[in-house]
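To keep things clear, I will list the structure first and then write my remarks on it.
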Amino acid sequence: MHRPAQCGACGSDVLWTITDAGKRLAVNARPDPEGNTAAYRDGTGTWRSRRPTDELPMAPWERLYMPHVATCSARRPAEPPETTRCLGVINLADERRRRGDRR
Ligand SMILES: [Zn+2]
């Protein structure tokens with residue numbers, strides 16, 4: 001079983017998804033009908049996300065999620081690195097360091 005990850009800034013459960021553009025995007029771990037991001041888990045267990053469009057509407061296996069940055073309660077404009085982290089796009093080295101830090 002995959003357990004949700006936590007936002008590095010506010011500690012909320014998030015899902016790390018890979019967008020169509022290959023970027024990492026954190027969405028809230030619970031599906032949200034108000035969200036604008038369709039996500040599903042592919043055959044390898046990777047969460048994929050995209051914006052539903054008229055040409056490619058929601059598929060039966062997709063659910064709507066809210067990008068975490070829209071609801072993150074710990075955004076601190078005075079600290080650019082935290083803000084960047086909460087935008088949901090981080091680099092892998094940064095994430096590894098953060099995971100290793102947790103004790
Ligand atoms: Zn957050």
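Values in this text are rule-based calculations from the coordinates and carry no lab data. What you see is a predicted model; the values in this text were computed from it and never measured.
Remarks
- Given their separation in residues at 0.36 nm each and the Cα-Cα distance between them, ALA59 and ARG24 gain 10.5 nm when the chain is fully extended.
- The gain in end-to-end length when the ASN36 to ARG51 segment is fully stretched comes to 4.8 nm, 0.36 nm per residue minus the alpha carbon separation.
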